[in-house]
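Asker: Questions regarding the structure given below will be posed in turn.
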Amino acid sequence: MAITLTVNGKKHEVAADPETPLLYVLRNDLKLKGARYGCGLGQCGACTVIIDGKAVQSCDVPASAATGKAITTIEGIARNGKLHPLQEAFISEQAAQCGYCATGIIMAAKALLDANPKATEGEIRTALKGNLCRCGTHQRILHAIQRAAKELRQ
Ligand code: FES
Ligand code: FES
């Protein structure tokens, strides 16, 4: 069955079972590998994308549930060849070790800052509670998000 998805502003028609997790369609059909497969069970956040402004774990959503919605992946947040301030801040703060969690965390943080550019440390921590980092870079991640928030407010 054909499913139409709008990803990073572009419409795509893919032949997939409607129950296929959105993550699989993004990675396997659209070759967007930024959203990662961690647990596949909605428990780690590695697969986080933004759907209609909300951070969503794409392994836990059937692709058909995302039709007619605006899906944003990490590949869609740079503008005119310039990285998003969150991406810049993750580099500046060296907020990754293996980096496997980073794309999901950046997307969760982007959804938060888009809605609440003045997010407090507590609000950032709450927004990221579904995103795990096994390498323990939490402090650097927090600093990177605060740095990006400051940059975005200016
Ligand atoms: S891969 Fe989706 S939450 Fe872990
Ligand atoms: S940097 Fe390795 S899981 Fe977060």
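Asker: Taking the Cα centre of the stretch 2-76 as the origin, how large is its charge dipole in debye, to the nearest 20, when only Lys and Arg (+1) and Asp and Glu (-1) carry charge on their Cβ atoms? The partial results should precede the final answer.
Answerer: Details: 8 positive and 7 negative charges, 54 e Å.
Here the stretch 2-76 has a charge dipole of around 260 debye.
Asker: Using Cα springs under 10 Å in a Gaussian network model of the chain, which residue among 68, 42, 81 shows the largest mean-square fluctuation?
Answerer: Of 68, 42, 81, the Gaussian network model singles out 81 as fluctuating most.
Asker: Hey, another quick one. Kindly provide the helix-only [θ] at 222 nm of the chain, computed as the sum of -39,500 (n - 2.57) over DSSP H runs of four or more divided by all residues, to the nearest 500 deg cm²/dmol?
Answerer: Calculated mean residue ellipticity at 222 nm is -9000 deg cm²/dmol.
Asker: Still on this model: Could you please state how large a percent of the accessible area of the chain is carbon and sulfur, counting protein chains only and using a 1.4 Å probe? Write out the running numbers ahead of the final one.
Answerer: On the way: 4110 of 8270 Å².
In the chain, the share of accessible area belonging to carbon and sulfur is 50 percent.
Asker: Still on this structure: Taking only Cα atoms of the chain, what ratio of Rg to Rh do you get with Rh as the Kirkwood inverse-distance radius?
Answerer: Numbers: Rg = 15.0 Å, Rh = 15.5 Å.
Here the Rg-to-Rh quotient is 0.97.
Asker: Helix 102-115 against the longest principal axis of the chain: what's the angle in degrees, Cα atoms only, rounded to the nearest 10?
Answerer: 80 degrees
Asker: Short version: ³J(HN,Hα) in whole Hz for each residue of the stretch 12-27, in order, from phi by Karplus 6.51 cos²θ - 1.76 cosθ + 1.60 (θ = phi - 60°), x for Gly and Pro, what are they?
Answerer: 10, 10, 10, 8, 7, 4, x, 8, 4, x, 3, 4, 5, 5, 4, 6
Asker: Net charge near residue 74: determine it from the other residues with C-beta under 11 Å of the C-beta of residue 74, scoring Lys and Arg +1 and Asp and Glu -1. Show your work: numbers first, answer last.
Answerer: Working: positive: 33, 36, 110; negative: 75.
Here the count lands on +2.
Asker: Given contacts defined as C-alpha pairs under 8 Å and at least six residues apart, what's the relative contact order of the chain, whole-number percent? Walk me through the numbers before you get to the answer.
Answerer: Numbers: 272 pairs, mean separation 36.8, N = 154.
For the chain, the relative contact order is 24 percent.
Asker: Can you tell which of 132, 18, 152 lies farthest toward the positive end of the dipole of the chain, using +1 and -1 charges on the Cβ of basic and acidic side chains (Lys, Arg; Asp, Glu)?
Answerer: 152
Asker: Shifting gears a bit: Give me the one-decimal nm value for the distance between modelled label points at residue 17 and residue 134, 7 Å along each residue's Cα-to-Cβ direction.
Answerer: Distance between label points: 2.7 nm.
Asker: For an R0 of 30 angstrom, estimate the FRET efficiency from the Cβ-Cβ distance between residue 125 and residue 69 and round to the nearest 0.05. Show your work: numbers first, answer last.
Answerer: Working: r = 27 Å, r/R0 = 0.91.
It comes to 0.65.
Asker: Go through 11/129; 10/33; 82/129; 11/69; 11/54; 69/118 and tell me which ones have a Cα-Cα distance over 22 Å in this structure. Present the calculation step by step, with values, prior to reporting the outcome.
Answerer: Details: 11/129 31 Å; 10/33 16 Å; 82/129 28 Å; 11/69 10 Å; 11/54 19 Å; 69/118 26 Å.
Going by Cα-Cα distance, 11/129; 82/129; 69/118 fall outside the 22 Å limit.
Asker: Top mean-square fluctuation among 22, 30, 112, Gaussian network model of the chain, C-alpha springs under 10 Å?
Answerer: 30
Asker: Could you compute how much accessible surface residue 64 exposes when probed at 1.4 Å, giving the result in Å² to the nearest 10?
Answerer: Using a 1.4 Å probe on the heavy atoms, I get roughly 40 Å².
Asker: For a label point 7 Å from the Cα of residue 78 along Cα→C-beta, name the residues of the stretch 1-17 whose backbone N is under 18 Å from it.
Answerer: The answer is 8-10.
Asker: Could you please put 79, 140, 134 in sequence from largest to smallest accessible area, using a 1.4 Å probe? Walk me through the numbers before you get to the answer.
Answerer: On the way: 79 150, 140 120, 134 235 Å².
Ranked from most to least accessible, the order is 134, 79, 140.
Asker: Sort all Cα-Cα distances of the stretch 2-76 into consecutive 10 angstrom bins from zero, then give the percent of pairs in each bin up to the one containing the longest distance.
Answerer: P(r) over the stretch 2-76, rounded to whole percents: 22, 63, 15.
Asker: Using +1 on the beta carbon of Lys and Arg, -1 on that of Asp and Glu, and nothing else charged, what's the dipole of the chain about the Cα centre, debye to 20?
Answerer: 400 debye
Asker: So, counting K/R as plus one and D/E as minus one, what does the shell of residues with Cβ under 12 Å around residue 128 add up to? Can you show the working numbers first?
Answerer: Numbers: positive: 110, 125, 129; negative: 121, 123.
Local net charge: +1.
Asker: Enter the accessible area of residue 143 (Å², nearest 10), with the probe set to 1.4 Å and all protein chains included.
Answerer: My reading of the accessible area for residue 143 is about 80 Å².
The values are calculated or read from the model by the stated rules, or taken from the named source; none is laboratory data. These numbers were taken from a predicted model, which means no experiment stands behind them. Note that we place each Cβ from the backbone using ideal geometry, even for glycine, and neighbour counts take in every protein chain shown. Accessible surface is based on the protein model in full, side chains and every heavy atom, while ligands, DNA and RNA are left aside. Shrake-Rupley method; radii C 1.70, N 1.55, O 1.52, S 1.80 Å.
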